[in-house]
Structure formats: C-alpha cells, structure tokens
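Okay, structure first, notes after.
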2 protein chains.
Amino acid sequence: MKKMLCSVLAGLSVAGVAWAAEDVAPVKYVFLFIGDGMSMPQRMVTQEYLNLTEKRGLLINELPSQGFSTTFAADQFITDSAASGTAIACGSKTNCGALGVDANGNRLESIATVAKKNDKKVGILSSVTLNHATPAAFYSHNVSRSNLYDIALEVFDSNFDLFAGGTFGDINGKNNPNTKGNILDLAREKGYTVTTDKAGFDALAPSDKKVIAVTPRFGEAGSMPYSIDMNDADITLAQFTQKAIDLLDNENGFFIMVEGGKIDWMCHANDAGTTVHEVIGLDDAVRVAYNFAQQHPDDTLIVVTGDHETGGLTLGFSGTGYQSFIERLKNQKISMIEFLPLYSKFKNDAKATFDDVKPLLTEQFGFKFDGDAKDPMFINEYEAKKLSEAFSRSRGNGTYSANEDKLILYGGYDPFAMTVYEIMANKSGLAWNTFAHTALPVATSAYGKNAEKFGNMSDNTDIAKRLKTMVVKP
Amino acid sequence: MKKMLCSVLAGLSVAGVAWAAEDVAPVKYVFLFIGDGMSMPQRMVTQEYLNLTEKRGLLINELPSQGFSTTFAADQFITDSAASGTAIACGSKTNCGALGVDANGNRLESIATVAKKNDKKVGILSSVTLNHATPAAFYSHNVSRSNLYDIALEVFDSNFDLFAGGTFGDINGKNNPNTKGNILDLAREKGYTVTTDKAGFDALAPSDKKVIAVTPRFGEAGSMPYSIDMNDADITLAQFTQKAIDLLDNENGFFIMVEGGKIDWMCHANDAGTTVHEVIGLDDAVRVAYNFAQQHPDDTLIVVTGDHETGGLTLGFSGTGYQSFIERLKNQKISMIEFLPLYSKFKNDAKATFDDVKPLLTEQFGFKFDGDAKDPMFINEYEAKKLSEAFSRSRGNGTYSANEDKLILYGGYDPFAMTVYEIMANKSGLAWNTFAHTALPVATSAYGKNAEKFGNMSDNTDIAKRLKTMVVKP
C-alpha cells in the first residue's frame with residue numbers, strides 16, 4: 001500500500017484538504033488520546049451500551065470535531081501499533097515494527113519532543129507498559145519494537161517529565177547483553193520520583209521534577225488491570241490523567257499523551273464486554289481533560305484518535321440478523337484475562353465435566369442453563385454444544401476438521417474461553433472476524449482550540465504534522 | 001434505540017454541531033448519491049482495489065468534505081433501507097419498513113418535493129427498481145415498503161421529471177386488489193416518455209417533459225445488471241446520470257438523487273468482488289456529476305452517503321492475519337447472480353461431482369486446483385474440503401451439526417455459491433460477519449457549494465434537514 005492517490009482532485013484548495021500549508025495558532029495545553037485498536041465499531045458499540053444501560057452518551061463521540069484517519073503502514077495495508085504510533089507521533093509513514101524512524105531507518109522527531117524543545121512539560125501515559133509500541137513512538141527511535149530494554153533506556157534521553165501507567169517490558173534487560181539493571185532502579189538513580197503504590201501516587205506533587213508512576217496492581221504483561229476488573233485500590237486511566245494535569249501544569253503549558261492500550265488486547269481476544277469498558281475507561285480520561293479545558297477554554301486542545309481497528313468487530317451478527325441486544329454485555333463481569341485463572345481449575349482437573357463449569361459461567365456471564373428457554377441469556381442446545389465441544393478441545397481432548405479450523409475459530413487462544421466470549425458477543429448481536437488488526441480507518445475527534453483542524457478525512461500522519469505546529473511557543 | 005444523548009455537551013456552540021439554526025445559501029444544482037449498504041469498509045476496500053489494480057483513487061473518498069453519519073431507525077439500532085431512506089430524504093427518523101412517514105404515520109416531505117415546489121427539475125435514479133425503498137423514500141408516503149404497487153402509483157403524484165434505472169416491482173399490481181394495470185402503460189397514458197431499450201434512451205431529449213427510462217437488460221428482480229456483469233449494450237449508472245443532467249438542466253436548476261442500490265444486495269450475499277465493482281459504478285456516476293460541477297463551480301453541490309452498512313465487511317480475516325491481498329478480487333469475473341445459473345447445471349445433475357465444477361471455478365474465479373501450491377489462487381486441502389462439503393449441501397445431500405450452523409454459514413443462500421465467494425473474499429484478506437445490515441455509521445462526503453456543511457459526525461436525518469434549506473429559490 002502506497003500513499004493515497006489524489007490525482008483527480010489535485011489542485012483543490014477547499015478548506016480541510018491542504019493541511020500542511022496552513023498557519024495555525026499555538027496551543028498552551030495539548031492532550032492527545034489514543035485508543036489502541038479503537039475505530040468506529042468499538043466507539044459505536046460503547047455509545048450504544050451507555051445509551052441502553054446508563055442513558056448517557058460517549059463523550060469522544062460528542063466532541064464537536066469528528067473525522068476519520070487512514071492508518072496504513074509504509075509496507076502493509078494493515079498496520080501495527082509501532083508504524084501507526086510513529087505516524088501519529090512523528091507524522092511519517094514507516095514499516096510495521098519500527099518506532100520513531102522512517103522506512104529507511106532515519107530518525108524522526110515526535111510531537112512530544114517538539115513540545116519539550118518549546119519548554120512545555122511532557123507526560124506519556126499508557127494502560128500498557130511504558131515501552132510498548134504506542135507510548136514508545138513518542139520518545140524512542142528503534143527499527144524494532146521488540147528491543148524493549150533499549151527502548152526503555154530512551155526514556156532517560158527524552159527528558160520528558162512524566163511517564164505513567166503500566167511498568168516496563170523486559171524491565172531488567174534479561175534479553176539484552178548490555179543490560180544496566182532494572183529500569184525503575186536506574187530511574188531512581190537518575191533522580192526520578194518512582195511510585196509503585198497508591199500512597200506514593202497520591203503523594204506525588206509538582207515539586208517532583210521527573211516522575212514515573214506505575215500501577216499498584218498489574219494486569220497481564222505489566223499493564224494496568226482492565227477497567228472491568230478494577231476495584232477502588234487501583235488507579236484508573238482517568239486518575240492518572242488528573243495527576244498528569246496536576247503535576248505538569250505550568251506557564252508554558254504541556255503536551256500529554258494518554259493511550260488506552262488494552263482496548264486492542266481484548267479486541268485481539270474478541271472480548272466485547274471488556275472492550276466496551278476499556279473504551280469507557282479512555283472516555284473517562286478524556287472527560288478529565290474536558291473538565292480541565294472548561295477552565296482554560298482558549299488555551300486547550302483535546303484530540304482523540306485510534307491507531308487502527310482490531311478484531312473486525314461488527315455491530316451485527318448473522319445469527320441475530322437485524323436485532324441488537326448490546327445491553328446484554330452488562331451480564332459479563334470479568335475480562336478474559338481474569339476468567340482464565342478461574343477456569344483453569346476446571347481445565348486442569350481431569351475429572352471435571354462441562355456441567356461442573358456451568359456455575360462459573362452463570363456467575364460471570366449470566367448464562368442460564370435451566371429455566372425459561374426464552375430468557376435472553378438462556379444457553380440453547382446449539383450454544384451448549386459449542387461450549388461443550390470447546391471445553392473438550394481446551395483440555396486437549398477435542399479434534400478439528402483441519403488445522404485451519406482451529407486457527408480461524410480460536411486464533412491460538414484457549415478454545416473454551418474464546419467460545420464463552422464469542423457466545424457473549426453473539427448474544428449481544430455482535431461478531432468478530434479476525435484476531436489481528438484491520439485496515440478500517442479510525443475516527444479522529446477534537447475539542448477546543450484548533451479542533452476544527454482535525455475533522456474531515458485525513459491520514460494518521462496528518463495528526464502529528466498538525467500538532468507539531470501547535471505545541472510551539474506563542 | 002433512541003436519539004443520541006448529548007447531555008455532556010449541551011450548550012456547545014462550536015461550528016459543525018448546531019446544524020439546524022444556521023443560514024445557508026441556496027444551490028442551483030444539487031446531486032445526492034446514496035450507496036445502499038455502503039459504509040467505510042465498502043469504500044476502503046474499493047479504494048485499495050483501485051490503488052492496487054489501476055493505480056488510481058476512489059473519487060468519493062477524495063472529495064474535500066468527509067464525515068460520518070449515524071443510521072439507527074426509530075425502532076431499531078440496525079436500520080433498514082426504508083427507515084434510513086426516509087431519514088436521508090425527509091429528515092426524520094421512522095420505523096423500519098416505513099417510507100415518507102414518521103414513526104406515528106404522519107406524512108413527511110422530502111428534499112425532492114421541496115425542490116419541485118421551488119421550481120427545480122427532479123430526477124430519481126436507482127440501479128434497483130424505482131419503487132424500491134431508497135428511491136421511494138423521495139416520493140412515497142406509505143407505512144410499508146412492501147406495498148409496491150401503491151408506492152409506484154405515487155410516482156405520478158410526485159410530478160417529478162425523471163425516473164431512471166430499474167423497472168418497477170409488482171409492476172402489474174398482481175398483489176393489489178385495486179390494480180390499474182401496468183405502471184409503464186399508465187405512465188405512457190399520462191404523457192410520460194417511457195424507454196425500455198438503448199435506442200429509446202439515446203433519443204431522449206429535454207423536449208421529453210416527463211421521462212421514465214428503464215434499463216434495457218435486467219439483473220435480478222427488475223434491477224439493472226451488476227457493473228461486473230455489464231457489457232456495452234447496457235446503460236451504466238454513470239450514463240443514466242449524464243442523461244439526467246442533459247434532460248434536467250434548466251435555469252432553475254435541479255435535484256438529482258442517484259442510488260447505487262445493488263451494493264447492498266451483494267453485501268447481503270457476501271460477494272466482495274461484485275461489491276467493489278458496484279462501488280466503482282457509483283463512483284463513476286459521481287464523476288459525471290463532478291465533471292458537471294467543474295463547469296458550474298459556484299452553483300453545484302454533490303453529496304455522497306450510504307444508508308447503512310451491510311454484511312459486516314472486515315478489511316482483515318483471521319486466516320490471513322495482518323496480510324491483505326485485495327488485488328486478488330480481480331480474478332473474480334462475475335456476480336453471484338450470474339454465477340448461479342452457470343452452476344445450476346452441475347447442481348441439478350445427479351451425476352455431477354465436485355471435480356466437474358472445478359473448471360467453472362477456474363474460469364470465473366481463477367481458482368487453481370493443480371500446479372504450484374504457492375500460487376496465490378491455489379485451492380488448498382482445507383478450502384477444497386469446504387467447497388466439496390458445500391457442493392454436497394447445495395445438492396441437498398449434506399448434513400449440518402445444527403440448523404444454526406446452516407443459518408450462520410450460508411444465511412439462506414446456496415451453500416456452494418456462498419462458499420465459493422467466501423473463499424474468494426478470504427483469499428483477498430477480507431471477511432464478513434452477517435447477511436443482514438449492521439449499525440456501523442456511514443461515510444458522508446461532499447463537494448462544491450456548501451460542501452463543508454456535510455463533514456463532521458452527524459445523523460442521517462441531518463442530510464435532509466440541511467439539503468432542504470439549499471434546494472430553495474435564491
């Protein structure tokens with residue numbers, strides 16, 4: 001996939017097309033929210049879920065400027081989070097896997113770096129690890145997102161003021177021959193205030209010059225827990241965002257990037273309920289910025305985008321036709337990640353039967369195995385057969401008509417968990433088509449100063465091109 | 001599904017939000033193109049297909065104003081073409097199935113009627129029958145889209161100047177106790193010039209005051225043939241559009257609605273190749289209007305939208321992961337509708353085997369059953385097994401694990417044809433999730449005078465609300 005051809009309209013000068021040439025006013029406070037794996041399907045299902053269950057809307061869908069952005073990488077029609085993160089952060093297409101360098105390996109400069117050079121304070125927040133692709137695109141320059149430890153070391157080169165959310169992948173550099181030890185220890189040596197519990201987080205103050213604030217409890221792979229799984233002891237993305245504002249507000253303003261990084265992860269796993277709550281978690285963080293913007297209406301810009309769609313989520317399903325029951329997702333109590341350990345005792349018990357696991361499904365998903373067959377959550381014969389078959393396969397006892405069937409049905413995930421979540425989605429009138437990303441453009445939304453520059457159809461690189469012109473000194 | 005809640009941002013006055021209150025300038029020439037079943041997935045796959053196979057772009061994706069529109073009906077999150085057509089044509093939500101009346105049955109007024117009242121000429125064009133839901137929404141007032149004959153009679157009440165494309169459903173009123181005979185005969189009696197062949201079409205001139213121009217060759221159900229199946233003897237949607245301009249141009253201007261109605265039909269059937277060519281056919285028609293707009297740059301507005309997404313088309317597939325091969329759709333030579341009769345001789349021959357039908361698949365889809373297994377179009381063991389199984393099922397010999405499997409796999413269509421087209425799509429890195437519509441918002445695009453009013457996120461009713469203010473006298 002190469003760049004979009006515009007031969008037909010070459011020479012057009014209608015407002016909205018010619019981004020690069022235009023002069024724009026600098027903005028003191030700039031927020032960029034990125035929903036990893038979040039495109040219009042993820043946003044619309046969440047909007048409708050909130051409409052049906054809480055009679056309220058999704059803020060990001062109500063922001064006054066709305067457009068969409070193409071996402072393709074330099075080398076693929078379907079991008080990854082490194083290439084798309086680099087596009088959004090630096091304004092250049094690159095190959096999948098590359099961070100902060102173009103397709104030829106040339107170093108790129110991110111919005112965050114431009115902001116820092118212009119004396120703004122900079123915060124990089126993510127619900128996944130802080131050296132994962134999307135946050136790393138704002139400070140790293142590496143041909144491979146897999147070089148986690150080297151990427152983490154670039155945090156210290158960045159001179160940015162705040163990193164917050166998950167911890168670091170390969171934090172001790174076990175995979176790196178030149179390891180210098182634990183990244184958080186190094187950070188402390190270099191004068192960073194590092195917090196790993198809630199008390200430390202609560203105590204953070206603007207007098208802490210450089211801060212790394214890590215979630216007190218981990219989800220999988222060093223990330224924050226899923227919104228659906230959080231309790232009051234956790235720090236939400238919204239709370240991290242509020243803290244970023246409190247720490248970084250200063251007379252020169254700030255640039256704060258907040259990634260809802262785990263929308264993508266549960267879209268890979270085709271877990272619709274967790275996806276909805278992750279989008280709500282990101283929306284709640286946007287609301288914090290929105291409230292801040294009310295106090296600084298002439299000086300604040302909020303941009304919300306996604307890096308790509310994940311999962312091929314469809315607001316419709318062949319089995320439910322024209323009917324939708326998105327409110328049924330409310331029956332789902334936990335993410336697949338928290339479900340798996342609860343299920344493992346059945347999976348690993350040779351004597352366990354499918355009947356034994358039914359109470360767990362009733363408790364966590366509201367599935368009804370007895371009673372009124374017209375109950376929306378009643379598991380019919382067809383669904384029960386699918387669950388029972390997947391239970392066998394999950395325990396290594398099942399067969400497949402072909403290896404391809406296994407791949408297409410479960411994508412390498414646990415067959416039973418996948419089937420439980422598939423039925424949960426299907427009962428809600430939703431379906432998925434892939435365990436990978438798709439090339440659907442993402443929605444891009446904006447509020448505040450210069451918000452109108454982010455409507456219309458654009459490419460993901462346009463976001464960085466435009467924001468770089470706004471994070472400069474007045 | 002009720003209307004979108006906007007409580008959070010109530011009172012916002014940023015440009016783009018408050019549609020209704022704004023003053024806009026009248027426009028002399030107004031084109032409204034509607035892709036039935038066309039949302040961003042259909043547009044993006046076509047853009048990428050053209051990029052890969054012809055190194056060109058899709059005009060509708062390059063128009064300077066781009067936004068998206070929500071589509072929900074008064075009674076359902078997933079709309080139908082009657083409710084969405086009424087929303088786009090008249091500016092009000094209504095129940096699925098209703099045409100030109102609101103959810104309480106109250107009569108609505110369409111953009112076309114407002115244009116006619118303001119002395120504009122009006123043309124209603126569609127690649128499906130002229131009393132099908134979308135075109136009918138512009139002139140009919142009926143609580144049910146199924147009342148085809150009564151709807152067709154409303155053509156004569158409309159006083160519109162041109163109807164062109166397919167013929168009429170239930171044209172003789174066989175299902176209507178009060179039939180007045182053949183609709184085209186009635187039209188001739190009422191002074192319409194009616195053409196049903198290409199010579200008649202070519203001879204049409206502005207001196208023909210009222211015109212009904214019907215496709216010389218039919219696709220299924222009285223529609224125009226699919227673009228992929230057309231030959232030089234057919235009249236394309238672009239040619240109908242050019243004729244509409246030639247016939248309707250006058251000093252008071254015109255309103256022309258052009259529907260690409262069969263995008264939807266082949267999305268229902270999950271036929272990706274035919275879908276792409278239908279979108280190209282609509283794009284070609286938009287190009288005719290675009291060329292006209294170059295000659296009348298200050299007086300022309302072109303709006304392009306869809307009424308809903310159909311099929312849950314995904315630009316990605318679990319079996320191909322991050323890879324796309326959309327150029328492979330070029331191997332597909334015919335629509336499912338033209339494939340079915342070619343296949344029927346095998347389907348209905350008790351002695352035929354799956355091997356017998358392979359040459360047809362090679363000829364029409366480029367499927368390779370011998371030779372290099374690395375050939376992109378080579379049918380592997382898994383795919384061959386799926387085809388062979390579907391061949392048996394198609395001939396009434398196959399079994400299913402459950403009725404639900406049959407529904408979810410084939411949606412009531414021929415099992416063999418569905419499997420052929422599924423493999424064609426999957427080999428191209430595409431997949432579908434439903435045989436019905438989905439609630440994905442549609443892309444709305446515009447070019448020319450007032451085009452900027454159609455960007456941003458909006459509801460489908462906003463299109464009519466806005467256009468009604470523009471088709472008035474200067």
Report summary line: So, with points 7 Å from each Cα along the Cβ direction, the A:Asn403-A:Ala205 label distance in nm works out to 6.2
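Using the crude model of +1 on Lys and Arg Cβ and -1 on Asp and Glu Cβ, and no other charge, please compute the dipole size for segment B:328-474 relative to its Cα centre, in debye to 20. Mind dumping the intermediate values first?
Working: 21 positive and 18 negative charges, 157 e Å.
That gives segment B:328-474 a dipole magnitude of about 760 debye.
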Requested in this report: Take every Cα pair under 8 Å in chain B that's 6+ residues apart, average their separations, divide by the length, and report that relative contact order as a whole percent.
Outcome: 28
Query raised in the report: Restricting the count to DSSP beta bridges whose residues both fall in the protein assembly as shown, what percent are antiparallel, rounded to a multiple of 5?
Result: 30
Report summary line: Counted neighbours (other Cβ, 10 Å), sorted fewest up, put B:Thr320, B:Thr444, B:Thr438 in the order B:Thr320, B:Thr444, B:Thr438
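Relative to the Cα centre, what is the charge dipole magnitude of chain A, using +1 at the beta carbon of each Lys and Arg, -1 at the beta carbon of each Asp and Glu, and rounding to the nearest 20 debye?
Charge dipole of chain A: 520 debye, to the nearest 20.
Going by C-beta contacts inside 10 Å, put A:Cys96, A:Cys267, A:Cys90 in order with the fewest on the left.
A:Cys96, A:Cys90, A:Cys267
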Query - Cut-off under 5 Å, modelled amide H: who pairs with A:Val304 long-range - result: A:Phe33, A:Ser445, A:Ala446
Query raised in the report: What list of whole percents do you get for P(r) of the protein assembly as shown, with Cα-Cα distances grouped in 20 Å bins up to the one holding the largest distance?
Result: 14, 45, 33, 7, 0
Query raised in the report: From the label point of B:Gly105, set 7 Å from Cα along Cα→Cβ, how far away are the matching label points in the other copies, in nm, ordered shortest to longest?
Result: 7.5
Requested in this report: Would you mind calculating the relative contact order of segment B:318-427 from Cα pairs under 8 angstrom and at least 6 residues apart, reporting the percent as a whole number?
Outcome: 30
Query raised in the report: If we count other beta carbons within 10 Å of each Cβ, what is the order of B:His296, A:His277, fewest first?
Result: B:His296, A:His277
Report task. Counting only C-alpha contacts under 8 Å and six or more residues apart, can you give the relative contact order of segment A:118-276 as a whole percent? Result -> 31
Report summary line: Inter-part gap, Cα centre of segment B:84-149 to Cα centre of segment A:440-466, in whole angstrom, is 35
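Can you tell me how chain B classifies by the Cα gyration tensor, rounded, prolate or oblate, using a/c under 1.5 as the rounded cut? Working shown, then result.
On the way: a/c = 1.73, a/b = 1.47, b/c = 1.18.
Prolate shape, in that a/c is at least 1.5 and a/b is the bigger ratio.
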Query raised in the report: Can you list residues whose amide H is under 5 Å from B:Phe325's amide H, if they're 5+ apart or on another chain and H is modeled 1.01 Å from N?
Result: B:Gly429
Report summary line: Computed ³J(HN,Hα) along segment B:391-396: with the Karplus parameters 6.51/-1.76/1.60, θ = phi - 60°, integer Hz and x for glycine or proline, the list is 4, 4, 4, 4, 8, x
Requested in this report: Return the average number of partner chain Cβ atoms within 10 angstrom of each residue Cβ along peptide A:304-317.
Outcome: 5
Query raised in the report: Between rounded, prolate and oblate, where does segment A:58-211 land on the alpha carbon gyration tensor, with a ≥ b ≥ c its root eigenvalues, rounded for a/c under 1.5, else prolate if a/b exceeds b/c?
Result: oblate
Query raised in the report: Mind listing the phi-derived Karplus ³J(HN,Hα) values for segment A:360-372, rounded to whole Hz, using 6.51, -1.76 and 1.60 with θ = phi - 60°, and x for any glycine or proline?
Result: 5, 5, 5, 5, 9, 10, x, 5, 10, 9, 10, x, 5
Requested in this report: Identify, among B:Ser344, B:Ser388, B:Thr444, the residue whose Cα sits farthest towards the positive end of the charge dipole of chain B, taking +1 on the Cβ of Lys and Arg and -1 on the Cβ of Asp and Glu, with the dipole about the Cα centre.
Outcome: B:Thr444
Requested in this report: Would you grab the residues whose amide H sits under 5 Å from the one on A:Glu259? Only those 5+ places off in sequence or on another chain, please, with H modelled 1.01 Å from N.
Outcome: A:Ile34, A:Leu125, A:Ser126, A:Ser127
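Rounded to the nearest 5, what % of DSSP beta bridges with both residues in chain B are antiparallel?
On the way: 15 of 51 bridges.
DSSP beta bridges in chain B are roughly 30 percent antiparallel.
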Query raised in the report: Among rounded, prolate and oblate, which fits segment A:233-330 when a ≥ b ≥ c are the square roots of the eigenvalues of its C-alpha gyration tensor, a/c under 1.5 means rounded, and a/b larger than b/c means prolate?
Result: prolate
Query raised in the report: Between copies, how close do the A:Thr196 label points come, placed 7 Å along Cα→Cβ, listed in nm from shortest?
Result: 8.3
Query raised in the report: Where the centroid of each part is defined by its Cα atoms, how far is segment A:253-317 from segment B:245-294 in Å?
Result: 36
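Is it possible to state the helix-based mean residue ellipticity at 222 nm for chain A, with each DSSP H run of 4+ residues giving -39500 (n - 2.57), the sum divided by total residues, to the nearest 500 deg cm²/dmol? What is it? Before the final figure, lay out the partial values.
Details: 17 runs with 175 residues, N = 474.
That calculation yields -11000 deg cm²/dmol at 222 nm.
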Report summary line: Short to long, in 10 Å steps from zero, the percent of alpha-carbon pairs of segment A:44-147 per bin is 16, 34, 30, 17, 4
Report summary line: Phi angles of segment A:57-64, converted by Karplus (6.51 cos²θ - 1.76 cosθ + 1.60, θ = phi - 60°) into ³J(HN,Hα) in whole Hz with x for Gly and Pro, give x, 9, 4, 5, 7, 9, 4, x
Report task. Of the options B:Leu409, B:Phe354, B:Ser335, report the single residue whose Cα projects farthest towards the positive end of the charge dipole of segment B:318-427 (beta-carbon charges: Lys, Arg +1; Asp, Glu -1). Result -> B:Ser335
Query raised in the report: If eta is 1.002 mPa s and T is 20 °C, what Stokes-Einstein diffusion coefficient results for segment B:318-427, Kirkwood Rh from Cα pairs, in µm²/s?
Result: 147
Query - Other copies of A:Thr179: label-to-label distances in nm, shortest first, labels 7 Å along the beta-carbon direction - result: 8.4
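Rule-based calculations on the coordinates, nothing more; no lab input. Worth saying up front: this structure is predicted, and the values here are computed from it rather than measured. Glycine also receives a Cβ, built like all others from the backbone with ideal geometry; neighbour counts cover every protein chain displayed.
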